[in-house]
1. Tell me the per residue accessible area of the chain using a 1.4 Å probe; a whole number in Å² is fine.
2. More than 13 angstrom separation, counting every C-alpha pair in the chain; what % is that?
3. What does the helix-only formula give at 222 nm for the chain: each DSSP H stretch with n ≥ 4 adding -39500 (n - 2.57), the total divided by the residues, and the result rounded to the nearest 500 deg cm²/dmol?
4. In nm, what is the difference between 0.36 nm times the number of residues separating R29 and F51 and their Cα-Cα distance?
5. With a 1.4 Å probe and every protein chain left in place, tell me how much accessible area L33 has, in Å² to the nearest 10.
6. Helix 37-53 against the longest principal axis of the chain: what's the angle in degrees, Cα atoms only, rounded to the nearest 10?
7. Which trypsin sites (Lys or Arg not before Pro) in the chain pass both tests, a DSSP loop state and at most 16 other beta-carbon atoms within 10 Å?
8. Tally up the carbon and sulfur contribution to the accessible surface of the chain as a whole percent, 1.4 Å probe, everything protein left in place.
Amino acid sequence: MHYEVKCTSCKISFKLYEGEEQYKQLKERKSRLFYCEDCKHKIRFDAIRNFFSSY
């Protein structure tokens, strides 16, 4: 079972499969922000880079 959602950042639709963390979040709360794997990686990398550049 899966749901198809749009990435909040790049607007590309992707599937959330049963058992994934985002799938559980979708079932609990419909107004959650969802990101595809590429965007999640970019956001995480930018956060790490900004953290270390502040020192």
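1. Heavy-atom SASA per residue in the chain reads 86 Å².
2. Result for the distance tail: 63 percent.
3. Value at 222 nm, helices only, nearest 500: -14500 deg cm²/dmol.
4. So the chain would gain 4.9 nm between R29 and F51.
5. Here the accessible area works out near 110 Å².
6. Roughly 20 degrees between the two axes.
7. The qualifying sites are K11, R29, K30, R32.
8. The value for the chain is 53 percent carbon and sulfur by accessible area.
The values are calculated or read from the model by the stated rules, or taken from the named source; none is laboratory data. Please read these numbers as outputs of a predicted model, since none were measured by experiment. Cβ atoms come from the backbone with ideal geometry, glycine included; neighbour counts cover every protein chain shown. Protein only, heavy atoms only, side chains kept; ligands, DNA and RNA dropped before computing areas. Shrake-Rupley method; radii C 1.70, N 1.55, O 1.52, S 1.80 Å.
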